[in-house]
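Student: Shown below is the structure under consideration.
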Amino acid sequence: MSHSGLPITILLVDDDEEDLLLTQQALEESRLGNDLRVAHDGEELMDYLLRKGRFSDPAISPKPGLILLDLNMPKKDGREALAEIKANADLRKIPVQEALVVADVQVGFGTVLGDEHLAMLERIHRAGIDIEVRVQLLHDHP
């Protein structure tokens, strides 16, 4: 909820249609009443936030209260877009959360999955997103 008591707009930014669908389904299943908007890459994200091009109408691009951002995207990736957001006095106030998707984990022999991996899985779990983790052991060759 925003400070006004109204649900915030969530802006989901991801170039992968399957990841978008999975996140949208998870949010719907959580029965959140938030307005969900989508951008497909960093350039589209910045156009949305700065109300450029097809996003010039505020009715089409309401200011988000949260951005869920994929970091690895074509054109302008999430890291570049995040740097631009943080450099803009008006935009830096918008909370940005890295969008996390776990698919396959490939590890070499002797690799230990550490606390950072467990913390990432816990964050996904707390968000109410069902995940499947598959670990593939890669044999090290001399």
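The values are calculated or read from the model by the stated rules, or taken from the named source; none is laboratory data. As the structure is a prediction and not an experimental result, all values here were calculated from the model. Cβ atoms come from the backbone with ideal geometry, glycine included; neighbour counts cover every protein chain shown.
Student: Condition first: aliphatic (A, V, I, L, M), surrounded by 12 or more Cβ atoms within 10 Å (Cβ to Cβ), part of a helix (DSSP H, G or I) and at pLDDT 60 or above. Can you find one or more residues in the stretch 110-118 that meet it?
Tutor: There is no residue in the stretch 110-118 that is aliphatic (A, V, I, L, M), surrounded by 12 or more Cβ atoms within 10 Å (Cβ to Cβ), part of a helix (DSSP H, G or I) and at pLDDT 60 or above.
Student: Which ones in the stretch 18-35 are closer than 20 Å to Asn72 by Cβ and either in contact (Cβ under 8 Å) with a residue 12 or more places away in the chain or surrounded by 13 or more Cβ atoms within 10 Å (Cβ to Cβ) (or both)?
Tutor: Within the stretch 18-35, Asp19, Leu20, Leu22, Thr23, Gln24, Ala26 meet the criteria.
Student: I need the full set of residues from the stretch 36-66 which are exposed (fewer than 15 other Cβ atoms within 10 Å of the Cβ) and either among the hydroxyl-bearing types (Ser, Thr, Tyr) or part of a loop (DSSP other than H, G, I, E, B) (or both), in order please.
Tutor: Hits for the stretch 36-66 are Arg51, Lys52, Ser56, Asp57, Pro58, Ala59, Ile60, Pro62.
Student: Could I ask something else about it? Got a sec? Which of Leu68, Leu82 is modelled with pLDDT of 80 or more and under 22 Å from Glu28 (Cβ atoms)?
Tutor: Every option except Leu68 fails the conditions.
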